[in-house]
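Every read-out reported here was derived from the displayed coordinates using simple, explicitly stated rules and does not represent laboratory data. Predicted model only: the values in this text are computed from it and were never measured. Note that each Cβ is placed from the backbone with ideal geometry, even for glycine, and that neighbours are counted across all protein chains shown.
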Amino acid sequence: PKRDWSSDVCSSDLIKLEPGWKTYWRYPGDSGVPPGFDFSGSENVGSVTVLYPAPARFPDGAGGHSIGYKGVVMLPLHVTPKDAKKPVTLRMKFEYAACEKLCVPAKAKAELALSGSSGQDAAVTEAEARVPRPGKIGDGQSPSVQSAKRDTGTAKPRIVVDVKAPRSEEHTSELQSR
């Protein structure tokens, strides 16, 4: 049967964490383990792009900070077939760490037959909307850096960055110097 691959298929990987547990972003921060993906057993897959919704920063328990997720984590996957007229079978091996006080290595496998239809689950659409996108400075749609300064008046020197976000929301982010 003919498939309609007018755009990439969007699927997702789902992790459900118990209260108090966390897992990590692609860059885990001072400690933690980034997730790993293997799609090599897939059929008719040209490429897979893993999208990472904006993570949270949390203390790692050792004086540093980690970057990742708590609760339910959905990582959208954009899948592009090699041949748009053939079916796609996505076979995924996924390794990650689930951590409370100590980290536990976790592995998962999934196999999905993708149809190429444009229909997409609302939860996947919501997760994809939380993925940071590149923007142009001053476009009014993206956060922009208003100022950055080094603060050495604390026990640990830090860099303080003032950011202006759309709708006049202001955020301050601190980066610890080493």
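What is the spin-label model distance, in nm, from A122 to S144 if the labels are put 7 Å beyond Cα along the C-beta direction?
Going by the 7 Å Cα→Cβ label model, 3.5 nm.
Across segment 16-22, in residue order, what do the Karplus-derived ³J(HN,Hα) couplings come to in whole Hz, using 6.51 cos²θ - 1.76 cosθ + 1.60 with θ = phi - 60° and x for Gly and Pro?
Coupling constants for segment 16-22: 10, 9, 5, x, x, 9, 8 Hz.
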